[in-house]
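**Q** Structure incoming, see below.
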Amino acid sequence: MSRSREAALDGSPAAIHATGWGWRHAGRAAWAVRHLDLRVEPGERVLLLGGSGSGKSTLLAGIAGVLGGDDDGESEGRLLLDSADPGAVRGRAGLLLQDPESQTVLARVGDDVAFPCENIGVPRAEIWPRVHAALDAVGLDVDTRHPTTALSGGQKQRLALAGLLAMRPGALLLDEPTANLDPNGVGEVRDAVRAALDATAATLIVVEHRVDVWLDLVDRVVVLDGRGGLLADGRPNDVFEGSHAELSEAGVWLPQNQRQPVGRRSGRSGTPGGVLLAGHDLTVGRPRGPRIPVGEVAVRAGSALALTGPNGAGKSTLALTIGGLLPPIAGRVTAADELRNGLAASPFDWRSSALVTRIGSVFQNPEHQFVAATVRDELAIGPRAAGIRGRDADEVIDDVMARLRLDALARANPFTLSGGQKRRLSVATAIVTAPRMLVLDEPTFGQDAVTWRELVALLAEVRDAGSAVVFATHDLDLVGALDADRRELAVADPLVSAS
């Protein structure tokens, strides 16, 4: 075994050292990170903050050694994991992403935890003892033959964390690991991380907008400046109290006790209009998934409807059905004359070009709907399908890009954007066609405080212009800010109404 591979597997806490380091994605004029000087000592626990697009995820990917080669981008300065290039000691740092679904690879729990160990060449005799120890460390008390598809979102994040721990990394890198989880799942993941750190003493860097979740677990806060370098660095209390104004201006989420209220109701400009779309005796579900009884649901013009509930309750499934993309298992969905405008009563009978101008959908994973090579081209697809061309289309696209702070990224490849930028682009692609209904799945994840407010204001304008806004979310501040009606789903229970 090579010396670099031995270092990757030794399990001791890792040191991280950046000197004038920067990274620019291929085809991008602006650097994702630049002029970064940072040293993280072995065993330190760091909360990494910064505005949307400041380079947090890029830094974590660099430390994990997964940014790619010269074809993928350009680097400057030095970034070392211990004293080695991170790419040469892959496995020395373990990276946990925000989307639990994207990290589940194999069909059974034990095989999924074993998979990373196999990738980095752990001897066969050591793998399964590591698997069992890692599952114990994160508190995932299921049989190793348990199907991964039957796990909740919080359980899947604990599963992914177990896969990292089985590698025995010297550094745990967590990129918004609770972004798409319900409150119970958030607590599960945080407690699993705490237990893992207590057991291993690994170095920790966690990126998270929910700062309160992690404050009692970290001993240092580092804030990236979107213009390059560091905006703040120090003990949590010192950073939040000493740099309050600068952090607020940069869009950094502050602890609850220092934060201005964000969930104040925007207030509807008028009363909701008539029903645009109704579901009758609905039962929804996906192939080979659970059947979710819904009953009646109505979407009204000029209103907002929030679909809430724990992970696995069926929020995304119901959103797809309301959006005309996933036919119900039972019952029917009917569009009113005002929405269908001469088309068939069922949106599932409409052509895609007709659907996009009437019901705009935003998926939970933004990348699932990107098809163009640049941000501007991505935004032009909808207007083109809707017959909006020339100056009219340009004005709509320019306005939405400016409102959502995407104008400087017009020529960028959508897949090179930060997580928050990808989410805003996916919302923008639905808004530019001015549909009468907008159906969004977790529309605010990955947003800093500034872009969150801008996104909420734009959705409120869509609602106040007479369109309907339906969204699946764990963000109760968003529910309050849009003065939304709320439908609560419970796992394996019928959908019930809540005010």
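**Q** How many residues does the range 433-461 contain that are in a strand (DSSP E or B) and modelled with pLDDT under 95?
**A** 1
**Q** Can you report the number of residues in the range 147-160 which are surrounded by 17 or more Cβ atoms within 10 Å (Cβ to Cβ) and either at pLDDT 90 or above or more than 24 Å from E101 (Cβ to Cβ) (or both)?
**A** The number of residues fulfilling the criteria is 3.
**Q** Of everything in the range 468-485, what is farther than 19 Å from L318 by Cβ and crowded, with 21+ Cβ neighbours inside 10 Å? Give them in sequence order.
**A** The answer is A481, and nothing else.
**Q** Output the number of residues of the range 414-432 satisfying the condition of being surrounded by 21 or more Cβ atoms within 10 Å (Cβ to Cβ) and not in a helix (DSSP H, G or I).
**A** Result for the range 414-432: 2.
**Q** Let me ask you something else. Scan the range 210-234 for residues that are modelled with pLDDT under 90 and closer than 30 Å to A133 by Cα and report the count.
**A** Looking only at that region, the number is 1.
**Q** With over 20 Å from the mean Cα position of the chain (by Cα), surrounded by fewer than 24 Cβ atoms within 10 Å (Cβ to Cβ), within 30 Å of W31 (Cα to Cα) and assigned by TED's automatic domain parsing to the domain that holds R389 as the only criterion, which of R411, R405 stands out?
**A** R411
**Q** Which number in (1) at pLDDT 95 or above; (2) buried (at least 16 other Cβ atoms within 10 Å of the Cβ) marks the one condition that D37 misses?
**A** Result: D37 fails condition (2) only.
**Q** Cβ contacts < 8 Å: first residue loosely packed, with under 15 Cβ neighbours inside 10 Å, restricted to the range 367-396; second residue not in a helix (DSSP H, G or I), any location; separation 6+ or different chain. Result?
**A** Here the result reads A373/N413, each pair linking the range 367-396 to a residue that is not in a helix (DSSP H, G or I).
**Q** Would you be able to tell me the number of residues in the range 45-93 that are in a strand (DSSP E or B), of a type in the set (G, A, S) and surrounded by fewer than 23 Cβ atoms within 10 Å (Cβ to Cβ)?
**A** 4
**Q** Taking only the range 134-157 into account, find how many residues are within 24 Å of P183 (Cβ to Cβ) and either among the polar types (S, T, N, Q) or outside any helix (DSSP H, G or I) (or both).
**A** Total satisfying the criteria: 11.
**Q** Could you say whether any residue in the range 121-132 is under 20 Å from G420 (Cα atoms) and either part of a helix (DSSP H, G or I) or in contact with a Pro (Cβ under 6 Å, 6 or more places away or on another chain) (or both)?
**A** no
**Q** Here is a follow-up. Residues in the range 66-89: is at least one at positive phi, assigned by TED's automatic domain parsing to the domain that holds A166 and without any contact (Cβ under 8 Å) to a residue 24 or more places away in the chain?
**A** Within the range 66-89, one or more residues are at positive phi, assigned by TED's automatic domain parsing to the domain that holds A166 and without any contact (Cβ under 8 Å) to a residue 24 or more places away in the chain.
For (1) under 20 Å from T357 (Cα atoms); (2) of a type in the set (K, R), each residue gets a yes or a no:
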{"site": "V371", "(1), (2)": "yes, no"}
{"site": "R376", "(1), (2)": "yes, yes"}
{"site": "A385", "(1), (2)": "yes, no"}
{"site": "A402", "(1), (2)": "no, no"}
{"site": "Q421", "(1), (2)": "no, no"}
{"site": "A430", "(1), (2)": "yes, no"}
{"site": "V439", "(1), (2)": "yes, no"}
{"site": "E442", "(1), (2)": "no, no"}
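**Q** Go through the range 116-137 and give me each residue that's surrounded by 14 or more Cβ atoms within 10 Å (Cβ to Cβ), touching a residue at least 40 places away in the same chain (Cβ under 8 Å) and either of a type outside the set (A, V, I, L, M) or closer than 18 Å to R90 by Cβ (or both).
**A** Once the filter is applied, which keeps residues that are surrounded by 14 or more Cβ atoms within 10 Å (Cβ to Cβ), touching a residue at least 40 places away in the same chain (Cβ under 8 Å) and either of a type outside the set (A, V, I, L, M) or closer than 18 Å to R90 by Cβ (or both), the range 116-137 yields P116, C117, I120, V122.
**Q** Follow-up question, since we're still on this one. Could you tell me which residue of the range 346-362 is nearest to P100 (Cα to Cα), considering only residues that are modelled with pLDDT of 90 or more and surrounded by fewer than 19 Cβ atoms within 10 Å (Cβ to Cβ)?
**A** F348
The values are calculated or read from the model by the stated rules, or taken from the named source; none is laboratory data. Keep in mind that this is a model prediction, so the values were computed, not measured. Methodologically, a virtual Cβ is constructed for each residue, glycine included, from the backbone with ideal geometry; neighbour enumeration extends over all protein chains shown.
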